[in-house]
Structure formats: C-alpha cells, structure tokens
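The values are calculated or read from the model by the stated rules, or taken from the named source; none is laboratory data. Bear in mind the structure is a predicted one, so any value in this text is a computation, not a measurement. A quick note on method: Cβ atoms are made from the backbone with ideal geometry, for glycine too, and the neighbour counts reach across all protein chains shown. For accessibility, only protein heavy atoms count, side chains too; no ligands or nucleic acids. Shrake-Rupley method; radii C 1.70, N 1.55, O 1.52, S 1.80 Å.
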Amino acid sequence: MEKESVDDLRKKLSKTRNLLNLTTDKLNDVIAEQRRTKNFVPGGYYMMSREAEKNLRALQQESPAASLVFSIIREHMQIGTNAVTISNRALCKIIDKSRATITRAVSHLAKHNYVQIIKTGNVNTYVVNEKIAFSGSPFQRKAVFSATIVAHECEQEKGWEEVKKLKAVPVIYSENEISYD
C-alpha cells in the first residue's frame, strides 16, 4: 500500500511540474509579446518627409479646407495602399464645411498632386501621393485596390441611432482542444 502511495505522489508531482512548466512558458510568451508591442500605437503610423511638411504648411495657407480634407484622408488611409474611400457628404460632416467647399478642396488636392482620385460609384477613393506621405514601405509602387471606407452616420438610413450592438458568439472549447504552447 505504501508503494502505491509513493507512486501516486510521484505521478502527481510529475503532473504538477509539467503544469508549472507550461505556466512558466506561457508567462514567458506573454512577457515577450508585451515587449514586442510595448510601443505599438493602435491605428499605426504614417510618414512624411520634411519637404512634404513644408508643402503642407503652404497648403494650409493656400487652402485651409484642402488642408483639412487632406488631414482626414491621411488619418484614414490604409497601410500599404495609401488609399481611403470616403464620400463628400461624410467629409462635409466631419470638417463641418459645405459640399462646394469640399469639392473645391478635393480639386485643389488633385490639381497639386497631393492625391489621385479614383471614382468608385458615387464616392471617391483618394490615393495619397507616396512622395508626400505613406504608410507602409517607401517606393512600394504597387496597385492594390483595397481601401479603408469611411461610412459616416449622416449617410445612413433612418433608424441608425436605434441599431443595437451585435451579440458576440461565444466559442466553446473542450479540454482536449486547449493548447498551452
């Protein structure tokens, strides 16, 4: 009987050591992930050259509305494509300017090569000149036509305020499916 209890204790000790090792490994993984993401900023970064910054000041003086629109475009442009799709109506609402002001501002940006405009139905997709600002690799020179699309509440059907939050669907795992590595 004493032999069995010693064997049982050894098995329990072995299981406890394995569990402790798994926990230690998981903790080390969490610490390593925290170190990797320590300076992570949600939404990412975009870069501008010093020369582009000087041009931006000139844009602010020439056309304050175009400067505001360009700021919104840069804020929302997608990493890797420098593109964003947004309607004039949404731009009007965001910067509180008239449709005519937005149209003039967008024309100014296109005329001075700040953006390229690609028509997508009733809205525009704006591709920011990568020599001015980019999110991703410099000189990426590729045509990937996916974009961040900004849908503002002002463009939605009536009842937008009444939309309820979607329910999250829980994911259930059995004990055998849980991995600790």
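Sort through R89, R50, R36 and tell me the only one that's under 24 Å from the mean Cα position of the chain (by Cα) and at pLDDT below 85. Spell out how you get there, then give the answer.
On the way: R89 fails: at pLDDT below 85; R50 fails: under 24 Å from the mean Cα position of the chain (by Cα).
None of the others qualify; the one that does is R36.
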Pick from the stretch 41-77 the residues that are open to solvent by 90 Å² or more (accessible area, probe 1.4 Å) and not in a helix (DSSP H, G or I): which of them is farthest from V128 (Cα to Cα)?
P42
Residue count, the stretch 78-119 (criterion: touching a residue at least 24 places away in the same chain (Cβ under 8 Å), open to solvent by 60 Å² or more (accessible area, probe 1.4 Å) and either of a type in the set (V, I, T) or touching a Lys or Arg at 6+ places or on another chain (Cβ under 8 Å) (or both)):
3
